[in-house]
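Data first, discussion second: the structure below is written as structure tokens.
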Amino acid sequence: MGLMSQPIRRTEDGRFITGRGRYVDDVKMEGAAIGYALRSPYAHAKIMSIDVEAAKSAPGVIGIITGAELEAAGIGHLGAAFPASFLKNRDGTPRVDGDRALLTVDYVRYVGEPVAFVVAESLNAAKDAAEQILVDYEELPAVGLIDEALDPGAPLVWPQAPGNIALDWAQGDEAATDAAFDRAAHVTRIDLVNNRVVVNSMEPRGAFGTYDKVTGQYELYATSQGSHPIADTIAKRILRIPPERLRVITPDVGGGFGLKMSTFAEYPLVLIASEKFGMPVKWMSERTEAFQSDSHGRDLKSHAEMAFDAGGRILGYRIKTDFNLGAYGLGFGPGIQSVVPMFVVGGVYKVPVVYNHVRAVFTNTVPVEAYRGAGRPEAAYIIERIMDLAAREMGLSQDEIRLRNFIQSHEMPFRSYVGAVIDSGDFQRNLHDCLRQADWAGFPARRAEAEKRGKLRGRGLAYYIEKTAGGASAVVISFTPAGRVEVGVGTSAHGQGHETTFAAIVADKLGVPFDSIDLIQGDSIRAPWGGGTGGSRSLWNSGNGILKAADAVIDKGREVAAALMDTAQDAITFEEGAFRVHGTNQFLPLLEVAEAARAGSKLPPELKARLEKGLDSSGTHEEKGDTFPNGCHICELEIDPDTGKVSVISYDVVDDFGFVLNPLIVAGQVHGGVAQGIGQALLENCLYEPGTAQLLSGSFMDYTMPRADDLPSFGFTYNEILCTTNPLGIKGCGEAGTVGAAPAVMNAVLDALWDKGVREVDMPMTALRVWETLQRAAAKAAV
Amino acid sequence: MYAFDYHKPRSLAEATALLNANPEARLLAGGMTLIPTLKQRLASPSDLVDLGGLPDLAGIFVGDGEVRIGAMTTHATVAHSAEVRAALPALAALAEGIGDPQVRHRGTIGGSISNADPAADYPAGVVGLGATVVTDRREIAADNFFTGMFETALEPGEIVRQVRFPIPEAAGYAKFPNPASRYAVAGVFVARAAGGVRVAVTGAGPSVFRVPEMEAALTASFTPEAIASVLVDADDLNTDLHATAAYRAHLVGVMAARAVTSALES
Ligand SMILES: Cc1cc2nc3c(=O)[nH]c(=O)nc-3n(C[C@H](O)[C@H](O)[C@H](O)COP(=O)(O)OP(=O)(O)OC[C@H]3O[C@@H](n4cnc5c(N)ncnc54)[C@H](O)[C@@H]3O)c2cc1C
């Protein structure tokens, strides 16, 4: 039996858990200096002057870089990933992104925006010097919350964006949707807040830059989810140098969750500083700095309406969302609530017509960008909360309302109103399996037992779907003289275990030993071009690419083997890692053929000339066809009405990820994803102070990360319903846990509180909020 | 951090001499509060005087109707001490509920009470049990020790050596932890002794405080029901991201009842 579909333990873990991982902070070079970013303490201020003279001569200081200096040197600015023509306002006018210099010159627009970059012999010396930089700020009124920013007369973050609207976008047909509502037998309405979260990757961001003045080469080690996009941005947009003059290397990375996709100012800054001061320069974020300067996630408010016929079937869906973009439209920011989730707004249901109106709102906060799931958890949250409420209003059970509206397996491939072509899936089966796994039917008894203990027990169900795939990423398989197989990929693991999963495919396909395979990733020069790892699609890109490259290796190998064994190509079969001459016991192992091809001396001259690179081959999976991971989540929890504390008791998931390459790694991805979803639903909340836009939840003393004792043991199973649009049949699993978790948890919270008269719950349902909600419901019941 | 000189004295006298010679010096115990403060550049002591080299300051002694805990005894040591668990289980449980394992293995009782964080757990135990704080120069009754938010009766250069807890008939501690830091949002220590019942509240107000109405009610009848109708005034309580004053006032009642239940069960 092959390695694919086996629960192989992650080969990288030995290194990680014994402290032998090599992260950016572990990069050490003789004479390296430390960079430190002086950040704005104000959410909004005009910079009248910056005086660095005293700081420059502070002990241990090598130099200080300011924005004015970068402008004079013609250094480019950061920006959004989406071209203006691709993502624009619904009336056709261009969106506004603002203009983000690496170091701001005239205004600061959020707390934590970098103002100057100090380079010194030590971090302490840099911090001492930073305290001596005199920045004369003229404080301006600031807005941190969506409602504040939308208030008529609110101070503007950007004068060119009246009303602080950065983007006014829509999908669907407004008139047709309104018409559907006119025909409705029942309309369910809901207002939802999707709370802002801090990404909090375990390893903060960091960068280590060198510049070689002899060769003019720049080299950057960065905490990233892909070296190539960062190399492209820095070379083309910021330093404006030919791409071959910059190499970006991504060593081991401790978590990304979307944060590490983007190019942040500090990355080019270490390169600029290295060139300017003539030594390697390292910048490593501290945790407090990460809270202020990492892009945040979520932060939107939605009003949604669903129209049903008398039979509980959906007639139309209307959503209006305002999302907090922060002070700048950077990276994927403007697209996260608009184009990124646009194919899954209707969920797993037959929704005949949709109108989804989305506005991006500027505020004086750090930019909001991708966070695990990037827009899809938000879409799933809205539709699964409204379906739950609709079921309650129409007197249907949670499974019944879904069964009545599910897209059926026999209707697939199904083209949804929003344009998604769902190739495969069996929502009904996953729902039934999950109900059984969670003992849905036994709930009333468990609730009654909890009641005796004074606890309010609730259960919640959510059926999520997300869309992934897309974006090219190349694979190169090459054979080294030492007999190792190198697999270069354009994806870049930062916790996903690709060294294990990709090697399993290569080992199975080529029949070479698992431990002879080395994964080459995260290197803009050594690894083939790719968009990095994000959006649950690395196996789609690299896995399917490996199949292609491996096929090319085998084709070349057959030719070489035929020549070596002096037989016709069609007499050769490739089995169990060897080329065998049909009907004889003659064979040559692949690695021997590869070595002969590499050396070339035994090959006929024509073949030798043609196979200049031996069997080394590349492959890129470029076939069209999205994938739709989907599944059912059921959460059961108890609330202590005396304190408001919510305890998640059990959590069940039945997923469809298509082909499951490594069940162990997949389970790990689901566990982590669900933990993040539960964290957002119950614990995590990033708060800016009303009126000042100061960050209130700026450390782990106030920002609650979910911990092991906040979580139950997860029940996770899956149905392998193969994706029909890619050879591996995979759908992607990296974000799914997060996509399904928040609505399942919140539906359970509402269920627990429903009989107390509670009708509205918003994330995060912290103990305080639960208690206050119960107090309000009791007061209402009393009148 | 700003630069400082580090000292590790071998005797209390040496420590005192160092403090006297350097008015900007600070004592260092487990460092769980002081080191982060230094790292954030919120304090700039000229010298740190590490109490870790003074063996007499650590250790637990149970006898004469008392539990005596040396200032440098870590929370984990108290939590796991068989003697404390037998004589004063509520105090061992309090120590076990502080922060996380790393904090419990570094943080000390002396550091905790000297720091007098309004959300720290030990102050509730010290006041609830009517303990005595022994310093290098005097004994201070618990009721006089905590004087305000991050404020104590300690004089400049005064060193806490030991805390002496009288062993009560029954005691219990219940806290509602801050979900992020696990400090007390509201923590209530209840102790019944020959002299009556004491109820001390931490986390809820600017400093630890007693609740005389609860003490009277519990002296009359030591049951959770006895205090069900005692309401704590929210006016003087704290409001922050995790709790409003009204919620804290409510939690004090809930935690007090749970502390009584726990005292009755032990
Ligand atoms: C993440 C985290 C979570 C925490 N959670 C909790 C919690 O849930 N509950 C809780 O109660 N506490 C909590 N703490 C606090 C911790 O338990 C320590 O008690 C506290 O940090 C102080 O003890 P220390 O020994 O570390 O003192 P240090 O940090 O070394 O010193 C604190 C202060 O006390 C002074 N000092 C120290 N020893 C003496 C002495 N013998 N005499 C006079 N002055 C002295 C120092 O000069 C300093 O000013 C937490 C801390 C952290 C970092």
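Points to keep in mind about this one:
- Bridgeable lysines around A:K624 (alpha carbons under 19 Å apart, same-chain partners fewer than 8 residues away excluded): A:K467, A:K548, A:K731.
- Exercise: per-residue mean of other protein chain Cβ atoms within 10 Å, B:178-191: 3
- Peptide A:758-770, shielding by other chains (average Cβ, 10 Å cutoff): 2
- With kT/(6 pi eta Rh) evaluated at 20 °C and eta = 1.002 mPa s, and Rh the Kirkwood radius from Cα pairs, region A:101-200 diffuses with a coefficient of 114 µm²/s according to Stokes-Einstein.
- Straight-line cross-link partners of A:K301 among the lysines, defined as a Cα under 21 Å from its Cα and at least 8 positions apart when in the same chain: A:K88, A:K320.
- Panel note: contact residues of region A:628-652 (accessible area lowered by at least 10 Å² against the chain on its own; 1.4 Å probe) correspond to A:D640, A:D642, A:T643, A:K645.
- Nearest-20 debye value, region B:36-133 charge dipole, Cβ charges on Lys, Arg, Asp, Glu: 260 debye
- Cα centroid separation, region A:97-151 to region A:616-636 (Å): 40 Å
- Expressed per residue, the C-alpha convex hull volume of region A:474-620 stands at 103 Å³.
- HN-Hα J in Hz across region A:42-51 - Karplus 6.51, -1.76, 1.60, θ = phi - 60°, x for Gly and Pro: 9, 7, 7, 7, 8, 8, 7, 6, 10, 10
- Think of chain A as a dipole: +1 on every Lys or Arg Cβ, -1 on every Asp or Glu Cβ, centred on the Cα centre; then among A:V670, A:A55, A:T215, A:V670 lies furthest on the positive end.
- Taking all pairs of distinct alpha-carbon atoms in chain A, Kirkwood radius in angstrom: 27.9 Å
- About the Cα centre, charge dipole magnitude for chain A (Lys/Arg +1, Asp/Glu -1 at Cβ), debye: 680 debye
- Here is the size of region A:291-403 from its Cα atoms: Rg then Dmax, 15.6, 50 Å.
- In region A:697-742, comparing the full protein assembly with the chain on its own, the residues that lose 20 Å² or more of accessible surface at a 1.4 Å probe are A:M701, A:D702, A:T704, A:R707, A:D709.
- Residue-count net charge about A:K46 - beta-carbon cut-off 11 Å; Lys, Arg +1, Asp, Glu -1: -3
- Among the cysteines of chain A, A:C635, A:C686, A:C723, A:C733 have no other cysteine beta carbon within less than 4.7 Å of their own.
- Long-range amide H partners of A:S122 with built H, under 5 Å: A:I34
- The calculated Kirkwood hydrodynamic radius for region A:1-134 is 18.7 Å, given to one decimal from all distinct C-alpha pairs.
- Accessible area buried at the A-B interface, both sides summed, 1.4 Å probe (Å², nearest 100): 1900 Å²
- Distance from the alpha carbon centroid of region A:302-329 to that of region B:32-46 works out to 49 angstrom.
- Per residue accessible area of region B:1-50, 1.4 Å probe, in Å²: 55 Å²
- Note on A:F443: accessible area approximately 10 square angstrom, rounded to 10, probe 1.4 Å, nucleic acids and ligands left out.
- A straight chain from B:M149 to B:L12 at 0.36 nm per residue would run longer than the Cα-Cα distance by 46.6 nm.
- A probe of 1.4 angstrom, applied to the heavy atoms of all protein chains, finds B:D136 with accessible area near 40 square angstrom.
- Heavy-atom accessible surface of B:R106, to the nearest 10 Å², is about 130 Å², with a 1.4 Å probe and all protein chains retained.
- Here the Debye sum runs over all C-alpha atoms of chain B as equal scatterers in vacuum, and log10 of I(q)/I(0) at q = 0.09, 0.10, 0.16 Å⁻¹ comes out as -0.39, -0.48, -1.18.
- Longest DSSP-loop-exposure-free segment, GluC sites (Glu not before Pro), chain B, at most 13 other Cβ within 10 Å: B:25-168
- Net +/- balance of residues flanking A:G297 in space, Cβ distance below 10 Å, scoring K and R +1, D and E -1: -2
- Helix-only arithmetic for the protein assembly as shown: the sum of -39500 (n - 2.57) across DSSP H runs with n ≥ 4, divided by the residue total, places the mean residue ellipticity at 222 nm at -8500 deg cm²/dmol.
- Listed residues B:G196, B:G253, B:G148, most fluctuating in chain B (Gaussian network, C-alpha, under 10 Å): B:G196
- J(HN,Hα) series, region B:123-133, from Karplus relation 6.51 cos²θ - 1.76 cosθ + 1.60, nearest Hz, glycine and proline x: x, 5, x, 5, 6, x, 8, x, 6, 10, 9
- Anisotropy class of region B:145-213 from Cα gyration tensor, a/c 1.5 cut: oblate
- Averaged per residue, chain A has 37 square angstrom of accessible surface, using a 1.4 angstrom probe with ligands and nucleic acids left out.
- Label-point separation, B:E265 to A:A708 (7 Å along Cα→Cβ), nm: 2.3 nm
- Summary of the geometry: region A:161-219 and region A:729-783, compared by the centres of their Cα atoms, lie 23 Å apart.
- Of all accessible heavy-atom area on the protein assembly as shown, the percent that carbon and sulfur account for (1.4 Å): 53 percent
- Solvent exposure ordering (accessible area, 1.4 Å, most first) of B:D100, B:D47: B:D100, B:D47
- The GluC sites (Glu not before Pro) of region A:1-107 that meet both conditions, a loop assignment by DSSP and at most 13 other Cβ atoms within 10 Å of the site Cβ, are A:E30.
- Two-decimal ratio, region A:547-675, of alpha-carbon radius of gyration to 2.2 N^0.38 Å: 1.85
- The accessible-area ordering, largest first, of the residues A:F716, A:F332 stands as A:F332, A:F716, per a 1.4 angstrom probe.
- Under 21 Å from the Cα of A:K127 - lysines, other chains or at least 8 residues apart: A:K28, A:K56, A:K276, A:K282, B:K39
- Charged-residue dipole, Cβ positions (Lys, Arg, Asp, Glu), region A:474-620 about Cα centre, Debye nearest 20: 280 debye
- With the Kirkwood sum run over all distinct C-alpha pairs, region B:1-50 has a hydrodynamic radius of 11.0 Å.
- Once backbone amide H atoms are built at 1.01 Å from N, A:I730 has A:F659, A:C723 as its partners under 5 Å, excluding neighbours fewer than 5 places away on the same chain.
- The angle between the Cα long axis of helix B:245-265 and the longest principal axis of the Cα atoms of chain B comes to about 80 degrees, rounded to the nearest 10.
- Tilt relative to chain B, helix B:12-21 - C-alpha long axis, 0 to 90 degrees, to 10: 70 degrees
The values are calculated or read from the model by the stated rules, or taken from the named source; none is laboratory data. All figures in this text were calculated on a predicted structure; none of them were measured in a lab. Every residue, glycine as well, gets a Cβ built from its backbone with ideal geometry; the counts of neighbours run over all protein chains shown. Only protein heavy atoms, including side chains, enter the accessible area calculation; ligands, DNA and RNA are left aside. Shrake-Rupley method; radii C 1.70, N 1.55, O 1.52, S 1.80 Å.
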